[in-house]
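Let me begin by presenting the structure, written as structure tokens, before commenting on it.
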Amino acid sequence: MTKGKIAAQMGTFILKILLVIVVVAIALILGAMVGYGIIGDGNPFAIFDMSTWGHIFSYFTKPTIING
């Protein structure tokens, strides 16, 4: 193998990894929009608001009291 061929293979490998990262990020954003907007009957674009994420994370950080 020549240095050029190795460099080309490394370049395509890095591009594939970047493509996977981009596709996963897009899937995460679309999944959050569908989950919050369509299933949760909210505004799908509200996931880009920091107060929405604060409200969502408050369910995991604040203790809840269950009357039973």
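The values are calculated or read from the model by the stated rules, or taken from the named source; none is laboratory data. All of these numbers come straight from a predicted model, not from anything done at the bench. In this analysis, Cβ positions are derived from the backbone assuming ideal geometry, glycine residues included, and neighbour counts consider all displayed protein chains. Just the protein is used for accessible areas: all its heavy atoms, side chains included, with ligands, DNA and RNA removed. Shrake-Rupley method; radii C 1.70, N 1.55, O 1.52, S 1.80 Å.
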Criterion first (at pLDDT 90 or above and among the hydrophobic types (A, V, I, L, M, F, W, C)) does ALA8 satisfy it?
yes
Here is a list of conditions, (1) modelled with pLDDT under 85; (2) in a helix (DSSP H, G or I), and LEU18 meets all of them except one; can you say which number that is?
(1)
For PHE45, are the conditions met, namely being out of contact with any strand residue (DSSP E or B) (no Cβ under 6 Å at 6 or more places or on another chain), open to solvent by 100 Å² or more (accessible area, probe 1.4 Å) and in contact (Cβ under 8 Å) with a residue 12 or more places away in the chain?
yes
